[in-house]
1. For Ser296, enumerate residues with amide H under 5 Å from its amide H, sequence gap 5+ or separate chain, H modeled in the peptide plane.
2. Given an 8 Å cut-off on Cα distances and at least 6 residues of separation, report the relative contact order of the range 105-255 as a percent.
3. What relative contact order, as a whole-number percentage, does the chain give when Cα pairs under 8 Å and 6 or more residues apart are counted?
4. Within a Cβ distance under 12 Å of Arg352, other residues only, what is the Lys/Arg minus Asp/Glu net charge?
5. Assuming a strict under-18 Å limit between Cα atoms, what lysine pair count do you get for the chain once near-sequence pairs (fewer than 8 apart, same chain) are dropped?
6. Put Tyr97, Tyr266, Tyr82 in order of accessible area, largest first, 1.4 Å probe: what do you get?
7. Per DSSP H run of n ≥ 4, the term is -39500 (n - 2.57); total these for the chain, divide by its residue number, and report the mean residue ellipticity at 222 nm rounded to 500 deg cm²/dmol.
8. Hey, what's the chain come to in accessible area per residue, 1.4 Å probe, Å²?
Amino acid sequence: MSKLKPINFTRGVPAVESFPVEEISAAADAALKRHGGTILQYGPSPGFLPLREWLAQWQGVQVDQVLTGNGSLQLLEFLCLYLLQPGDVVFTESPTYDRTLTLLRRHQAQVVGIRLEDTGPDLNALEEALKQHRPKFFYIIPDFQNPAGVTCSGEKRRRIVQLAEQYDFLLVEDAPYRPLRYRGFEEPSLFRLAPQRTLHMSSFSKLIGPGPRLGFMMGEAELIAKVAKVAEDTYISPNYLAHGIAYEWCRRGLLQPHIQKLKALYSPRLDACLTAIDEYLPGAQTIRPDGGFFISITLPEGVKTTEVRAAAKRHQLNLADGLAFFPNGGGERFLRLPYCALTPDEIDEGIRRLAAIVKDVSRSNGH
Ligand code: PMP
């Protein structure tokens with residue numbers, strides 16, 4: 001029997017071939033020559049000032065509204081350290097990013113999941129939840145959501161902002177996939193709609209790569225300063241060396257052309273996913289995104305992701321369990337497919353294997 005090649009639809013990592021190694025190497029050399037004394041030294045906790053200035057200009061905000069950190073996830077951790085007491089309520093979408101759930105639970109937050117629909121959070125569920133709880137914040141991933149791939153409609157964004165005003169809670173908008181739109185039109189960010197109510201988080205993990213650990217947060221200067229104080233008390237200053245290199249790369253005007261390259265690399269992978277699903281899993285309940293890293297599928301009635309996952313392993317197909325993405329249970333038939341680190345051929349082969357396994361499990365369960 002020929003040995004099957006393993007295919008990993010597990011974590012949402014960028015493609016290794018997307019990393020701008022040569023450009024970063026040149027930027028590293030220049031950054032050390034220009035800023036060596038600063039980027040090898042401790043510095044102010046909000047981050048390397050030229051980078052914060054560059055980000056502020058890119059995003060159209062003031063410098064004191066920008067905080068950089070070692071990845072966006074840790075900035076969320078700092079926010080929670082500042083804002084949350086045990087038992088505080090936090091709303092998330094359901095499903096949502098599993099590491100955020102782990103982090104919120106570590107802070108002993110009471111996490112209330114708002115059911116996610118194809119067009120964003122279910123607003124009736126949100127309004128119902130608001131009758132029972134006063135959340136400290138609503139953590140939301142409006143663009144090409146992790147794990148579902150959903151993008152929140154403009155109409156829903158505007159209503160969410162109204163509800164945040166009415167019920168007085170903060171919106172924490174996590175938007176690392178927003179720049180990776182392969183087609184269609186961009187919706188306004190929550191931060192644009194309600195800058196005084198929103199903390200917007202983003203990251204270079206999907207733009208340069210996760211290695212430099214460069215994330216940033218934007219919001220009201222006063223709140224940003226509070227979060228920066230937690231950062232200072234944790235690590236004194238973020239990774240100035242990596243951030244100085246990233247700054248030099250951005251300053252050279254390389255970000256936008258690189259985003260275009262990423263789109264050219266990933267967009268055919270998204271198409272390969274959608275084509276393979278149409279061919280091998282016709283009728284599957286699928287989110288069809290216009291960008292980002294993820295497609296998600298709801299498996300047919302009676303077919304559980306855990307069973308499919310166990311069977312898939314025997315066919316060298318590695319899948320993630322859906323359960324960890326759901327704050328309050330559910331998700332037994334949810335399957336996330338991160339496709340960006342796979343070639344179109346691997347995607348086709350992976351979804352072909354998946355379809356055969358789903359059929360097998362369904363048959364053996366008597367469906
Ligand atoms: N938020 C979301 C929604 C993510 O998908 C990820 C990465 N998988 C992160 C945050 C973490 O980003 P960073 O590497 O900047 O910490």
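The values are calculated or read from the model by the stated rules, or taken from the named source; none is laboratory data. All values reported here derive from a predicted model rather than from experimental measurement. Cβ coordinates were reconstructed from backbone atoms using ideal geometry, including for glycine residues, and neighbour counts include every protein chain displayed. Protein only, heavy atoms only, side chains kept; ligands, DNA and RNA dropped before computing areas. Shrake-Rupley method; radii C 1.70, N 1.55, O 1.52, S 1.80 Å.
1. For Ser296, whose amide H was placed from the backbone, the distant partners under 5 Å are Ile287, Leu337.
2. Values: 171 pairs, mean separation 23.7, N = 151.
Answer for the range 105-255 is 16 percent.
3. Details: 675 pairs, mean separation 94.0, N = 367.
Relative contact order for the chain comes out at 26 percent.
4. Working: positive: Arg353, Lys359; negative: Glu279, Asp345, Glu346, Asp348, Glu349.
Combined, the nearby Lys, Arg, Asp and Glu give -3.
5. Details: Lys3/Lys313; Lys5/Lys313; Lys136/Lys226; Lys206/Lys261; Lys206/Lys263; Lys304/Lys313; Lys304/Lys359; Lys313/Lys359.
Counting lysine pairs in the chain gives 8.
6. Working: Tyr97 45, Tyr266 0, Tyr82 90 Å².
Order by accessible area, largest first: Tyr82, Tyr97, Tyr266.
7. Working: 12 runs with 163 residues, N = 367.
The helix contribution divided over the chain gives -14000 deg cm²/dmol.
8. Working: 15890 Å² over 367 residues.
Roughly 43 Å² per residue, with all protein chains present.
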